[in-house]
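The values are calculated or read from the model by the stated rules, or taken from the named source; none is laboratory data. Fair warning: this is a prediction, and the values are worked out from it, not measured in the lab. Cβ atoms come from the backbone with ideal geometry, glycine included; neighbour counts cover every protein chain shown.
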């Protein structure tokens with residue numbers, strides 16, 4: 001025979017269990033089912049027209065930068081050899097002045113190359129920002145068209161069934177929306 005206190009405890013337990021079950025059902029109804037699509041963003045960068053365009057411009061800039069490095073190295077090497085040859089025929093003060101001038105020229109060359117490298121990095125970052133700006137609505141449109149709730153980069157997916165990878169579709173739409181981008185390499 002249950003006393004009043006025991007019945008009250010059982011009733012509270014039933015109410016709590018019911019509340020927990022109800023909240024789990026309500027929570028399950030609020031969370032949408034995940035529909036996931038996969039995109040190989042590295043492939044988008046490598047195979048899209050704009051990705052190839054930016055890569056070609058940056059390769060051209062890399063070659064120009066390497067040529068400038070060789071030119072500066074040659075100029076500095078020639079000047080250094082001249083200074084060494086003249087050491088015995090000019091005054092110590094004149095020699096010291098030429099060494100200081102050489103050091104200033106070498107420092108200026110290093111600064112020039114550093115500025116060009118920084119401009120190159122900024123240009124790549126800006127190109128990536130602009131490409132991402134064009135890519136976002138494309139990805140959003142594909143997600144909405146397929147009823148997807150999430151996009152995952154293929155690099156983070158171990159395996160997936162066919163039909164989830166929309167990389168080719170993304171590349172095709174990006175090629176139409178943004179076939180090229182003029183990289184700005186200003187210092």
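Of all residues in the range 138-158 being without any contact (Cβ under 8 Å) to a residue 40 or more places away in the chain and in a helix (DSSP H, G or I), which is surrounded by the most Cβ atoms within 10 Å (Cβ to Cβ)?
Once the filter is applied, the top-ranked residue is 138.
Output yes when any residue across the range 51-62 is at pLDDT below 90 and either over 44 Å from the mean Cα position of the chain (by Cα) or surrounded by 10 or more Cβ atoms within 10 Å (Cβ to Cβ) (or both), and no when none is. No, the range 51-62 contains no residue that is at pLDDT below 90 and either over 44 Å from the mean Cα position of the chain (by Cα) or surrounded by 10 or more Cβ atoms within 10 Å (Cβ to Cβ) (or both).
Quick check on residue 24: is it modelled with pLDDT under 60 and either in contact with a helix residue (DSSP H, G or I) (Cβ under 6 Å, 6 or more places away or on another chain) or farther than 30 Å from residue 125 by Cα (or both)? No: the conditions fail for residue 24.
A single member of 161, 83, 142, 138 is in the same structural domain as residue 42 (by TED's automatic domain parsing) and within 19 Å of the chain's Cα centre (by Cα), and it is 138. Considering only residues in the range 160-187 that are free of Cβ contacts under 8 Å to residues at least 60 places away in the same chain and in a helix (DSSP H, G or I), the one that is surrounded by the most Cβ atoms within 10 Å (Cβ to Cβ) turns out to be 173.
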